[in-house]
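**Q** Below is a structure I'd like to ask you about.
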Amino acid sequence: MTEVDIAPDIGVSLQLVVATAAILGNIALHTIATVAVIAGLRRFEPAMSKLLGDAFVAVPMMVAAATLGMLVAHTLEIWGWAVMLLWLGEFSNLESALYFSVVTFSTLGYGDIVLDHQWRLLGAMASVNGIILFGWTTAVVVAVLTSAIERHDERRSARKARENQSEGHHTWQPWHPHAPWRPHIQEARHRADHTSDHDTGAGD
């Protein structure tokens, strides 16, 4: 095998190694962002729900917070691809590198800017990376939406149960054997019976 035949194989391997390293780095970053978003929402969700109250306000705010957090992660991931391509010498300025990174990561693929032949696999791998991570973000946002609705429904049901229990405790029930006025009624009846017996005895 000649040297000309070996060179392309080495180039492909190097591209795959660099692309895999970038994808793994972005997956790690997305994992950290997911954990941070979920932990933050679990910590502040009760306070937000108590402050906002209505589900039409609280639930969208929770979803917006989760979306914003994941969007920050996507921004950092796009910057990572741009800086790497700039470091590899594919672009002469950061603006072009960022533009290509955004278009490729979001799978728009305008095609007005392309990579050199020796690194062109990186563009395809960046698109794959974007598809995976955007799907991941969608799953996180849907999970947050579902959890927020369920938690709000649980709190509303618990609040209604407490209100019903409170109303039932203070409801006027004169027939209840432990009602506070029952001893007075019983005492009055006892006095009336005693007076009636005394009058009957005096009449005899």
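The values are calculated or read from the model by the stated rules, or taken from the named source; none is laboratory data. Worth saying up front: this structure is predicted, and the values here are computed from it rather than measured. Cβ: placed from backbone, ideal geometry, glycine included. Neighbour counts: every protein chain shown. Calculation scope for accessible area: heavy atoms of the full protein, side chains included, ligands and nucleic acids excluded. Shrake-Rupley method; radii C 1.70, N 1.55, O 1.52, S 1.80 Å.
**Q** Could you sort the peptides 107-119, 143-155, 124-136 by per-residue average Cβ neighbour count (10 Å cutoff), highest mean leading?
**A** Ranking, from highest mean packing down: 124-136, 143-155, 107-119.
**Q** Now, a different point. Write down the accessible area per residue of segment 3-153 in Å², having rolled a 1.4 Å probe over the full set of protein chains.
**A** Here the residues of segment 3-153 average 58 Å² of exposed surface.
**Q** Would you work out which of Ile23, Thr75, Val144 lies farthest towards the positive end of the dipole of segment 7-149, given +1 charges on the beta-carbon of Lys and Arg and -1 on that of Asp and Glu, about the Cα centre?
**A** Val144
**Q** OK, next. Just to check, using Stokes-Einstein with a Kirkwood Rh over alpha carbon pairs, what's the diffusion coefficient of segment 41-149 at 37 °C and 0.692 mPa s in µm²/s?
**A** 209
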